[in-house]
Amino acid sequence: MGKYNEYKNLNYAKLGEDVLAFWKENNIFGKSVTTREGNENFVFYEGPPSANGTPGIHHVMARAVKDIFCRYKTLKGFQVNRKGGWDTHGLPVELQVEKELGITKEDIGKKITVEEYNQRCRETVMRFKNQWDDLTEKMGYWVDLNNPYITFENEYIESCWALLKRLYDKGYLYKGYTIQPYSPGAGTGLSSHELNQPGCYRMVKDTTIVAQFEVKKITRNMFLFDNEEENVCFIAWTTTPWTLPSNTALAVGKGIKYVKVKSFNPYTFEPVSVILAKDLVSRYFSDKAKDLALEDYKPGDKLIPFKVAAEFVGSDLAGVEYHQLMPYVQPDKPAFRVVVGDFVTTEDGTGIVHISPTFGADDFRVAAQNDIPALLVTDEFGKTMPLVDKQGRFVKEVTDFAGMYVKNYTGEDETGADYKPTDVKIAIKLKEENKAFRVEKYEHTYPHCWRTDKPVLYYPLDSWFIKTTAVKDRLIELNKTINWKPESTGTGRFGNWLENLVDWNLSRSRYWGTPLPIWRTEDGDEELCIGSIAQLNQEMAKAVEAGVMDAAADIKDLHRPYVDNIILVSKSGKAMYREPDLIDVWFDSGAMPYAQWHYPLENKNTFEQNFPADYIAEGVDQTRGWFFTLHALAVMLEDSVAYKNVIANGLVLDKNGNKMSKRLGNAVDPFEMIGKYGPDAVRWYMIANAPPWDNLKFNADGVVETQRRFFGTLQNTYSFFALYANLDNFTYAEADVPLERRTESDRWIISKLNTLVQEVDSYLADYDPTKAARAIQDFVVDDLSNWYVRLNRKRFWKGEYNEDKMAAYQTLYTCLETIAKLASPIAPFYTEQLFRDLNSVSGRNSVESVHLADFPEVAKGAVDKDLEERMQLAQTVSSLVHSLRKKQMIKVRQPLQRILIPVLSEHTKQQIQAVEDLILSEVNVKEVEYIDDTSGILVKKIKPNFKKLGQVFGPKMKLVAAAVQQMNQEDIAKLEREGGFEILLNDDETAVLTPDDVEISSEDIPGWLVANEGKLTVALDITITEELKQEGIARDLVNRIQNLRKDSNLEVQDKIHIRVQRSAAPEVNAAVENYNAYICAETQALSLEFVDELVDGTLLDIDEYQVYIQIQIESNVTI
RNA sequence: GGGCUUGUAGCUCAGGUGGUUAGAGCGCUACACUGAUAAUGUAGAGGUCCGUGGUUCGAGUCCACGCAGGCCCA
């Protein structure tokens, strides 16, 4: 017959390794998928990690969250395929390679060929794959590592191309421009990474201008004017005067207060009314001039008078039109009006921001949102361009400044007396034209090119976009159907992002990534988007035929430089070259639902069965990354969500709440943690300690505590079960003892267990693993171990193998097995061993692994809320009695006669009576006496029911409460007897209370030692009679003899003989005589006898008594 | 600067729809218990519930404004 495994000093890390070996040998993961074949799919998408760095502890967190729900759904009967994946493109890989080779981006194609460079990236990106695979296995994250999708593979890229072509065909792909940092000296755009190099931002002194923008005198604007003659101007400040010829709008803050100030221009002395932010008036108008009258002003006066004439808020000003400041070039649609911008502040300037869409990112964005055009000219090739060329010079259309460099890019001697920066020349012109309100030097930081040391320009550069704004409403609408955990990420961070959506800039000027599959003629008139390798081959054949390409290339790799060498032919016969950009790597990962199956080029069915995902989970930092690109592509390609449920998990910080970093040395090594504490404790700790979407402060002490408190307790409980079940050969072979024949505590723990199953099921169904883990933990520690097992210990080790004992075994077994299943998604290793240890003996489950089992069903009939309530009463009463004993220093081993419990309702009385035996044995008392009203000795306490009374009396609540507090015993009795009681609120107002309006409890029994908790009160009779004293001594003797047995290393089942030396104290002798049978039964003694003199006896101290005793093992007993 | 988020005991965290004495575990102190024993029970100490205003008879909870930490974006 099989025995339950017993363990000494269980090693959880070793357990993890053993279970892992078992899974591997028996392909349990594979079976957990194949055995669900034909069942409903639960679709999970793996957000691909990048293997060019080593995995950290936060990956354990993220992957545990993913794993838990996949395992849970498997238990619930779903088939859960989980295809792994690797993210392999992108800037971090390139930067790492450049660092290792000691080169910069500029060297690519010069010091190293693009081919060699990309080869290097390909090798680097998978460098730590082995470590990742190792961690995945060791932490128990079940994902298919054998057939992962890899974003650099040709098939994957081809899928991306096919998707891009679909977007292209729908008109969602277009070429436009974005404002990027640009170095005219180097003739190249700069990445934000390059701009963040140390030393790039430095202090410069620039000429700044506050310009006057004259409001048009048209009907809609007349609210700004006092009369037809008034000259009303917006004033706006700029540190880049060279952008003023390109101005097409002004931005105000929606809620910012503005004023119109009547004053005079300081350069021309002309009267002018300027509009600026109210908070900034003092910066432009001297406080000393505030009392001067406008009429007294004479041209040239140092103090210029001013008068605040009107006030507005920003939204009032939106839409107001003004005259173009420097009319060199005209826009192609209406411009020169005020718009609202969220970036406007009153920290500096005038609270009104000058907008030139071609030279500022904010400007560009706010202009696009308000349909404000940019000022552009056409160059000699017919291409449009801004008013400054790529060398940094004004174009010829800006006549007064044509050909001038906007900054000193030619190394002119700035110290020369004749030198005037272009900005200064602009300032002079504006002053002369009565358009400058203030000109001054201003020192500030400004980014410079790290190669030329010259200031960068923010300049429009070509980019390819996906027109996500075209489907903005649909994106928002479908987002509302997604179940976000936490909800706020979906409505807040993600929802706001969608509300403020701009088109997705796809272009990246790099080398290692998915190339943009668009070929274009040099003049840009004709272009072709390629959607497959086959199509590319066809087009190549045409090109060869047309003679634009020498010979068709063999397409082995869709990366650069190979695709760059392909030249296609346009319909009109012109050569087309590939647009040199790569696409944003986020497109790669957002395309994974399709590209992982090489869809749409093949596997249509597989794709359809696996789209959209039921569930995904990643870090909250992916909100605008993966979460967005998945959503955007799904909406544009399939008009569907990409995922129905999503957990956005928080960060894992160090124990002090700081971000972990290798540089600071506070990063926690996941392998070390798992090696030290085993995978389960690490997973359990992370999940139970904080909800996944909160940041987790990772502290190894917490892992230790989890291991000790939860796993230690569970293991203790199992060990206890195994020890006795093995002795009794309990294998769960017998039929279940019906619930009604089980004890109150059996039925209670089974009721609690079923409640737990229901709770855990609903928490997991709601994607809340933390609540599930905590519920399981509380059940195991508090209910199962500290109450059920503690109260029922004796049933396991005492007496015959009868029905009651069997019921106890069955009950405990059921609890353990159910816990194994419930906890298996979170702690897959330990629960596997627990399950197999139990099942290998009982054979109750036909499956070989807990992960192949079914989620426990709730036995609704077994849930008994009344029973749960009365067991709670038993626990409270016991706790109160313990506390009373403690106060009187009466040890639990000393029996006491009775406790008194005041009961104010029959229901409470019945509830307590049902658990009376439990209470009595737990607190070692003989009887419970219930006292009710009729006894006449209860002192009652009355308390207002604030919730109820508050609703009725509202503001008079304080008076009512005071009146209630003042009620005496007679008043309370009257209220109870008559069902109503009149109270006086004030001199002429009364109110009638009903018993529902108050809470009445009994808190005192005069003359008794009482304790209470909530509405429950317990009194203890502390009289110790001679008989009780003897029994106490007997119990002490039992205790000492048990200790002796243990000290003598006797086995639990060994029988003994006891000899006691007759004591000088008669009560000890009496106890031995009167409780002889009891002592024998408790200590497994066959005999207990007195002797006058014991030679080799052990001296026992029992309170004030000393007893010599000897135990001897019975050698003839056979088990 | 904007959006989102967190702030409760020394530490980690609970505290539906407002209800008067704010809880748990760990840690600390003391005592007890002992066939689960590297466990367990009881008790104690420990809180301006981040701050300031407001709404309300009543605010940890609702509102406003701040402060501090975190993430993302400028």
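Extension gain for the segment residue A:315 to residue A:218, taken as residue separation times 0.36 nm less the Cα-Cα distance, is 33.1 nm to one decimal. From the P(r) of the range A:958-1032, could you give the percentage of C-alpha pairs in the tail past 15 Å? Roughly 66 percent, once rounded to a whole number. If you average 1/r across every pair of different Cα atoms in the range A:469-523 and take the reciprocal, what Kirkwood value do you get, in Å? Hydrodynamic radius (Kirkwood, Cα pairs) of the range A:469-523 is 14.0 Å.
Taking 18 Å as the straight-line reach from the Cα of residue A:302, the lysines in range (excluding those fewer than 8 positions away in the same chain) are A:262, A:288, A:290, A:431. Working note: Debye formula, equal point scatterers on the alpha-carbon atoms of the range A:186-287, no solvent; log10 I(q)/I(0) at q = 0.12, 0.19 Å⁻¹ is -0.57, -1.09. Restricting attention to chain A, close to 70% of DSSP beta bridges with both partner residues there are antiparallel. Scaling the Cα radius of gyration of the range A:332-476 by the globular reference 2.2 N^0.38 Å produces a ratio of 1.23. Between the C-alpha center of the range A:850-886 and that of the range A:538-584 there is a gap of 74 Å. Computed on chain A, with alpha-carbon pairs under 8 angstrom and 6+ residues apart, the relative contact order is 12 percent.
Across every direction, the projection of the convex hull enclosing the Cα atoms of the range A:1009-1068 has a mean area of 7.4 nm². Within the range A:700-764, report the GluC sites (Glu not before Pro) that DSSP leaves as loop and that have at most 14 other Cβ atoms within 10 Å. Of the GluC sites (Glu not before Pro), the ones in loops of the range A:700-764 whose Cβ has at most 14 other Cβ atoms within 10 Å are A:734.
Taking label points 7 Å from Cα along the Cα-to-Cβ direction, residue A:1104 and residue A:1043 give a separation of 2.0 nm.
Applying the criteria of a DSSP loop state and at most 14 other Cβ atoms within 10 Å to the GluC sites (Glu not before Pro) of the range A:577-662 yields A:602. Across the cross-link table entries A:83/A:175; A:217/A:333; A:821/A:891; A:24/A:76; A:887/A:926; A:254/A:396, which are compared at the Cα atoms, the separations over 29 Å belong to A:83/A:175; A:821/A:891; A:254/A:396. Rounded to the nearest 0.05, the FRET efficiency derived from the C-beta distance between residue A:985 and residue A:929 at R0 = 51 Å is 0.80. Every pair of different Cα atoms in the range A:688-813 enters the Kirkwood calculation, which places the hydrodynamic radius at 16.2 Å. Using 0.36 nm per residue and subtracting the Cα-Cα separation, the extra length available between residue A:1114 and residue A:948 on full extension is 52.8 nm. Fully extending the segment from residue A:1052 to residue A:545 would add 173.0 nm, taking 0.36 nm per residue of separation and subtracting the current Cα-Cα distance. Its Cα gyration tensor gives the range A:914-1071 an equivalent ellipsoid, and the semi-axes of that ellipsoid, as √(5λ) in whole Å with the largest first, are 55, 17, 12.
With the simple spin-label model, which puts each label point 7 Å out from Cα in the Cβ direction, the residue A:126 to residue A:644 separation comes to 3.5 nm.
Using the Cβ-Cβ distance between residue A:893 and residue A:1064 with R0 set to 30 Å, the FRET efficiency works out to roughly 0.85. Dimensions of the range A:68-184 along the principal axes, based on C-alpha atoms and rounded to the nearest Å, stand at 62, 41, 26, largest first. Taking the convex hull of the alpha carbon positions in the range A:993-1093 and averaging its projected area over all directions gives 11.0 nm². Annotation for the range A:407-489: GluC sites (Glu not before Pro) lying in DSSP loop with at most 15 further Cβ atoms inside 10 Å of their Cβ are A:412, A:414, A:433. Over the residues of chain A, the helix contribution to mean residue ellipticity at 222 nm works out to -11000 deg cm²/dmol, using -39500 (n - 2.57) for each DSSP H run of at least 4. Scattering from the C-alpha atoms of the range A:768-862 alone, worked out with Debye: what is log10 I(q)/I(0) at q = 0.19 1/Å? Values returned for q = 0.19 Å⁻¹ are -1.03. Computed from Cα atoms, the angle from the helix A:628-638 axis to the main principal axis of chain A rounds to 80 degrees. Size of the range A:516-647 from its Cα atoms: along the principal axes, largest to smallest, the extents are 54, 30, 25 Å. I need the fraction of alpha carbon pairs in chain A separated by more than 47 Å, rounded to a whole percent. Every Cα pair in chain A considered, those over 47 Å come to 55 percent. Of the peptides A:567-574, A:284-291, the ranking by mean beta-carbon count within 10 Å, highest at the top, reads A:567-574, A:284-291. Can you classify the range A:510-571 as rounded, prolate or oblate using the Cα gyration tensor, where a ≥ b ≥ c are the square roots of its eigenvalues, rounded means a/c under 1.5, and otherwise it's prolate if a/b beats b/c and oblate if not? Because a/c hits 1.5 or more and a/b fails to exceed b/c, the range A:510-571 counts as oblate.
Summarising the label geometry, the points placed 7 Å from Cα in the beta-carbon direction at residue A:1092 and residue A:720 lie 4.7 nm from one another. For the range A:1-94, the convex hull drawn through the C-alpha positions has a volume of 159 cubic angstrom per residue. Using the Cβ-Cβ distance between residue A:5 and residue A:114 with R0 set to 56 Å, the FRET efficiency from 1/(1 + (r/R0)^6) comes to roughly 0.40.
Read the figures in this text as sums done on the coordinates, not as results from a lab. A quick note: this is a predicted structure, and the numbers were derived from the prediction, not measured. Reconstructed Cβ throughout: ideal geometry from the backbone, glycine too, with neighbour counts over all protein chains shown.
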